[in-house]
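Step one of this worksheet: look at the structure below.
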Amino acid sequence: VQLQASGGGLVQPGGSLRLSCAASGRLNPMNQMAWYRQAPGNQRELVAALARGSSPDYADSVKGRFTISRDDAKKTMYLQMDDLKPEDTAVYYCRYRLNAYRNYWGQGTLVTVSS
């Protein structure tokens, strides 16, 4: 499995971006996919996660502003980010969980929120 994240960029506070994570290889749509982010000097943190048949999970800091979704036919996961804040600035990574012992990660896409 290979993951390719894209869609990052520079946006002003209050603006929106949509991140995409395109996957190649054999994926099980029942397996969880997720977005993480890592700001400079901080640990990587979970932003949102989604598996078929389950409700999405969001970090408290993004609830009501971010929406995770996936199109299994296209093997693509999305993160719609609205009302962006400077503290959302980070490198965003996508992750596919194969099982409890194996995760696949994308290369990351930089989101910068600044005026």
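Things to note:
- Residue within region 71-82 that is among the acidic types (Asp, Glu), closer than 17 Å to LEU3 by Cα and assigned to a loop (DSSP other than H, G, I, E, B) present: yes
- Scanning region 91-110 for residues that are part of a strand (DSSP E or B) and within 11 Å of the chain's Cα centre (by Cα) gives VAL91, TYR92, TYR93, CYS94, ARG95, TYR96, TRP105, THR109.
- The set of residues in region 1-16 that are open to solvent by 30 Å² or more (accessible area, probe 1.4 Å), modelled with pLDDT of 95 or more and under 17 Å from the mean Cα position of the chain (by Cα) comprises GLN4, SER6, GLY7, GLY8, LEU10, SER16.
- Selected residue (criterion: nearest to GLN80 (Cα to Cα)) from residues of region 23-61 that are open to solvent by 50 Å² or more (accessible area, probe 1.4 Å) and part of a strand (DSSP E or B): TYR58
- The set of residues from region 79-110 being surrounded by 15 or more Cβ atoms within 10 Å (Cβ to Cβ), of a type in the set (D, E, K, R) and over 13 Å from GLY14 (Cα atoms) comprises ARG95, ARG97.
- THR67 vs. criteria assigned to a strand (DSSP E or B), open to solvent by 60 Å² or more (accessible area, probe 1.4 Å) and either within 22 Å of GLN12 (Cα to Cα) or charged (D, E, K, R) (or both): yes
- Number of the condition not met by SER114 [criteria: (1) touching a residue at least 24 places away in the same chain (Cβ under 8 Å); (2) among the polar types (S, T, N, Q); (3) touching a strand residue (DSSP E or B) at 6+ places or on another chain (Cβ under 6 Å)]: (3)
The values are calculated or read from the model by the stated rules, or taken from the named source; none is laboratory data. From a predicted model like this one, the values you see are computed outputs, not experimental measurements. Heads up, the Cβs are rebuilt from the backbone with ideal geometry, glycines too, and the neighbour counts pull from every protein chain shown. Quick note on the areas: whole protein, heavy atoms, side chains included, nothing else; ligands and nucleic acids left out. Shrake-Rupley method; radii C 1.70, N 1.55, O 1.52, S 1.80 Å.
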